[in-house]
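The values are calculated or read from the model by the stated rules, or taken from the named source; none is laboratory data. Since we're looking at a predicted model, the values are computed, not measured. Cβ atoms come from the backbone with ideal geometry, glycine included; neighbour counts cover every protein chain shown.
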Amino acid sequence: MSDDTIDAAELGHELDLDDFALPPDVAANLGTLFGTDPLETAGEWVGEMRAVKQARDGRLPTAEDLCTTDDGRHAFVGSDHRQEYVCVLDPLVVPFLRDEPGTVRSTTPVWEETVEIGVAPDGVARSHADAVVSIGVSDHVDPEADPTLERIYRQVCGYVHVFADDGEYEVWADDVDAATTSVPVSTGIALAGALATTLFEERA
């Protein structure tokens, strides 16, 4: 393996998506979104994402399909550029997908704190040891609408954030119309690394 490769397993953040169980309410909302039975694991979720992109565009997702924006709460800051995103998983995927060291800089939804996560070939650095990452799906999913990446992003990305700690997440979760859960930031990093190797064409 090249010294420049950024590999989640090598950094101690390995995750098997088939073993990553989703809470029943999140699984049910994802099933409604994709027009399937509840998606009980992250592996099933990724499988549906790949299938939707393949059916619509004849290819798997690429880095170009990440949900960028001009004014997002989450940014990937590289050595010579900065790109903002709607959800925190997208900038977390970038180092693993492109083997590009950088810092994910996020503003939390409730306390407006800045949480930083640095990812490089030789390790991961975190500004907040107790930070958590949320995963969620809107409660207002139209079961009759066809799944597209754009629709999936609209129903999911607004509920994928980073928080200073679980207390901030709980305040936010009590006030959103969505099924959500939280995981430690280390699990969020591992999830991003697993997505880079299983969801996207560059690494699949």
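List of remarks:
- Some residue of the stretch 151-173 being touching a Ser or Thr at 6+ places or on another chain (Cβ under 8 Å), part of a loop (DSSP other than H, G, I, E, B), exposed (fewer than 15 other Cβ atoms within 10 Å of the Cβ) and of a type outside the set (Val, Ile, Thr): no
- Screening GLY188 with (1) in contact with a helix residue (DSSP H, G or I) (Cβ under 7 Å, 6 or more places away or on another chain); (2) surrounded by fewer than 19 Cβ atoms within 10 Å (Cβ to Cβ); (3) not charged (D, E, K, R) gives one miss only, at (2).
- Taking (1) among the hydrophobic types (A, V, I, L, M, F, W, C); (2) at pLDDT 95 or above; (3) within 18 Å of the chain's Cα centre (by Cα) in turn, LEU149 satisfies each apart from (2).
- The single residue among VAL124, VAL156 that is over 16 Å from VAL26 (Cβ atoms) and either touching a residue at least 12 places away in the same chain (Cβ under 8 Å) or in contact with a Lys or Arg (Cβ under 6 Å, 6 or more places away or on another chain) (or both) turns out to be VAL124.
- Residues in the stretch 13-27 that are over 26 Å from ARG126 (Cα atoms) and either touching a His at 6+ places or on another chain (Cβ under 7 Å) or without any contact (Cβ under 8 Å) to a residue 24 or more places away in the chain (or both): 2 in all.
- On the stretch given as the stretch 127-140, residues that are in a strand (DSSP E or B) and without any contact (Cβ under 8 Å) to a residue 24 or more places away in the chain total 0.
- For the stretch 114-138, residues that are of a type in the set (D, E, K, R) and either in contact with a Leu (Cβ under 9 Å, 6 or more places away or on another chain) or surrounded by fewer than 14 Cβ atoms within 10 Å (Cβ to Cβ) (or both) total 2.
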